[in-house]
Amino acid sequence: MANVVDQQANTVLVGGGGPDHATPQRLLLPYANRHGLIAGATGTGKTVTLQILAESLSLAGVPVFLADVKGDLAGMACPGGAEAKPHAAFADRAARMGLTLDYQAFPVTFWDVWGEKGHPVRTTPAEMGPLLLSRLLDLTDAQEGVMNIAFRVADEQGLALLDLKDLQAMLVWVGQNAADLSLRYGNVGTASVGAIQRALLVLENQGGDRLFGEPALDLADIVRQDASGRGMVNILAADRLMQSPRLYATFLLWLLSELFEQLPEVGDPDRPRIAFFFDEAHLLFDGAPRALVEKVEQVARLIRSKGVSLWFISQNPADIPEGVLGQLGNRVQHALRAFTPKDQKALRMAAQNYRANPDFDTAEAIQHVGTGEAVTSLLEEKGVPGTVQRTLIRPPFSRMGPITDAERAGVMAASPMGVKYTRTIDRESAHELLARRTSEAARAEDEALFDMNRAEYRNARRYQPRDEARPPSSRSDSIVETFGKSLARQLGTRTGQAIVRGVLGSLLRGR
């Protein structure tokens, strides 16, 4: 039992079981992708269990991704030491297990959505998709429908949604063309578009816009080993992220979905390709729509064939939906408190999930195990659940607790991920393309208006000033001449002849 990793048996050490805690309790790596559960009340040792599992998997060459909710797991980047306060207790525990207390640091890469306590970790709206974005923004069914339409149109028209301003510009375009889109995709309410824009504004003000952009996280950068063959331990700084529980849960679910979609099928490998730890797992499901919970259940059921090991960490197993809980074959249950009838019912239900051990009552053991001790059931050969054991969790080799800012900065400076992810990229995408379309449309409209005005100018009646060289009008007849001409015209008519005779008669009588 001197080694944490047994290469021949292909196992890693979890702790010591039996009456004197000398019987090794090992996790079989071929069955680690059957997923696992770490549960227990606050202060019972869940974080240490998470830490030693991450260490053991790393030593076996398995990369790990975990969220550091309280800042305690950052210590994995530094070795533990004899000067640490729990050293005496750890040395005694290691001696009881026959384990060599080999303090060491582990290969750690720090990540942070805000880029402050780790390398920036980003995705794009296109990669996250409308379902997770709608959950992130807490949209109604009608608003989620509009979000789906925006993504569909963007895909059909080749408009890449790479950051938050791309999505905002796309929604503006959808609102402007709501009448045409409604005929094809169904009702597109401008009120729904406005509500989504307001939700995006709130997300942007909370710093959530840092999550979207390029370069997006490449999964190959977390599924890797160091030069000595140890699996990389990827630690997401989640202390600030936890202040936005919806953003935290959505990000982790997106990462899980990406692993499911991108990793190839490997069947039943001899060890996982990566282990993924969901701390504060209840946040993944609180208030989540049924469609999203079903998606998580589906991924948990199918992703094991991709070689991914999922571990859910929560205070109570009841926090995990039944469909997901049934997929978790390896279980580490720390103490549960049962002060109320509801707690006692939850305790009995938790105990029923274990293969009984005739040496003790499981419910009684779950209620009374001490700090650092747990009730464990690890899968055996052929995936059979192991008999429940009271197990003393092995001591960690890395430092427990947080590290200094200088130590964190040193780890980040030595990582090649800083060069790749620190500088953002803003390539041409939906925002720029739609802005160009608008500019070209406005220019075309101006040109059309100019052409129309020019045509009207050419065809209009124009004022011509009088030419001074032109001779004056020849209409200069005198009154007598005018009367004579008129009289001559009238002589051709009977009326004119009568008038002439009358005039001549009057003249003769007067004579």
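Here are a few things to note about the model shown:
- Meets criteria (among the aliphatic types (A, V, I, L, M), farther than 21 Å from residue 376 by Cα and open to solvent by 10 Å² or more (accessible area, probe 1.4 Å)) for residue 73: no
- Among the residues of the range 256-267, the one identified as in contact (Cβ under 8 Å) with a residue 40 or more places away in the chain, open to solvent by 60 Å² or more (accessible area, probe 1.4 Å) and part of a helix (DSSP H, G or I) is 262.
- Hits in the range 91-109 - residues which are within 16 Å of residue 391 (Cβ to Cβ) and open to solvent by less than 60 Å² (accessible area, probe 1.4 Å): 93, 94, 97, 98, 99
- Every residue from the range 37-59 that is assigned to a loop (DSSP other than H, G, I, E, B) and in contact with a helix residue (DSSP H, G or I) (Cβ under 6 Å, 6 or more places away or on another chain): 40
Listed here are the residues, each with its yes/no results for (1) open to solvent by 10 Å² or more (accessible area, probe 1.4 Å); (2) touching a helix residue (DSSP H, G or I) at 6+ places or on another chain (Cβ under 8 Å); (3) under 16 Å from residue 57 (Cα atoms); (4) in a helix (DSSP H, G or I).
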| position | (1), (2), (3), (4) |
| --- | --- |
| 248 | no, yes, no, yes |
| 254 | no, yes, no, yes |
| 269 | yes, yes, yes, no |
| 277 | no, yes, yes, no |
| 297 | yes, yes, no, yes |
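- Of the residues making up the range 239-248, those that are touching a Leu at 6+ places or on another chain (Cβ under 9 Å), touching a residue at least 40 places away in the same chain (Cβ under 8 Å) and either of a type in the set (A, V, I, L, M, F, W, C) or farther than 27 Å from residue 33 by Cβ (or both) are 241, 242, 245, 246, 247.
- Residues in the range 215-243 that are in contact with a Ser or Thr (Cβ under 7 Å, 6 or more places away or on another chain) and modelled with pLDDT under 95: 216, 217.
- Count - residues of the range 1-36 that are more than 21 Å from residue 359 (Cβ to Cβ) and assigned to a strand (DSSP E or B): 8
- Across the range 130-184, the number of residues qualifying as under 21 Å from residue 432 (Cβ atoms), assigned to a loop (DSSP other than H, G, I, E, B) and open to solvent by less than 60 Å² (accessible area, probe 1.4 Å) comes to 7.
A quick yes/no check of all residues on (1) in a helix (DSSP H, G or I); (2) modelled with pLDDT of 95 or more; (3) not acidic (Asp, Glu):
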position	(1), (2), (3)
62	no, yes, yes
67	no, no, yes
70	no, no, yes
81	no, no, yes
85	no, no, yes
89	yes, no, yes
92	yes, no, no
96	yes, no, yes
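- In the range 7-55, the residues that are of a type in the set (S, T, N, Q), farther than 20 Å from residue 80 by Cβ and crowded, with 22+ Cβ neighbours inside 10 Å: 11, 25, 33, 44
- Subset of the range 369-414 (residues that are outside any loop (DSSP other than H, G, I, E, B), within 32 Å of the chain's Cα centre (by Cα) and basic (Lys, Arg)): 408
- If the condition is being among the hydroxyl-bearing types (Ser, Thr, Tyr) and under 38 Å from the mean Cα position of the chain (by Cα), then the range 353-368 contributes only 354.
- Among residues of the range 299-329, those that are open to solvent by less than 10 Å² (accessible area, probe 1.4 Å) and polar (S, T, N, Q), counted: 2
- Residues of the range 219-233 satisfying the condition of being closer than 19 Å to residue 419 by Cα, touching a residue at least 40 places away in the same chain (Cβ under 8 Å) and not in a strand (DSSP E or B): 219, 221, 222, 223, 224, 226, 232
- For the range 371-389, a residue qualifies if it is in contact with a Gly (Cβ under 9 Å, 6 or more places away or on another chain) and either over 19 Å from residue 51 (Cα atoms) or among the small types (Gly, Ala, Ser) (or both), and the qualifying residues are 372, 374, 377, 379, 380, 383, 385, 389.
- Some residue of the range 330-347 being open to solvent by 50 Å² or more (accessible area, probe 1.4 Å), more than 29 Å from residue 113 (Cβ to Cβ), within 34 Å of the chain's Cα centre (by Cα) and at pLDDT below 90: no
- Residue match in the range 230-242 (condition: surrounded by fewer than 19 Cβ atoms within 10 Å (Cβ to Cβ), more than 24 Å from residue 293 (Cα to Cα) and among the small types (Gly, Ala, Ser)): no
- Residue match in the range 210-217 (condition: surrounded by fewer than 20 Cβ atoms within 10 Å (Cβ to Cβ) and free of Cβ contacts under 8 Å to residues at least 24 places away in the same chain): no
- Within the range 407-424, the set of residues being of a type in the set (Gly, Ala, Ser) and open to solvent by 80 Å² or more (accessible area, probe 1.4 Å) comprises 413, 414.
The values are calculated or read from the model by the stated rules, or taken from the named source; none is laboratory data. The model shown is predicted, which means the values in this text are computed figures rather than measured ones. Cβ coordinates were reconstructed from backbone atoms using ideal geometry, including for glycine residues, and neighbour counts include every protein chain displayed. Quick note on the areas: whole protein, heavy atoms, side chains included, nothing else; ligands and nucleic acids left out. Shrake-Rupley method; radii C 1.70, N 1.55, O 1.52, S 1.80 Å.
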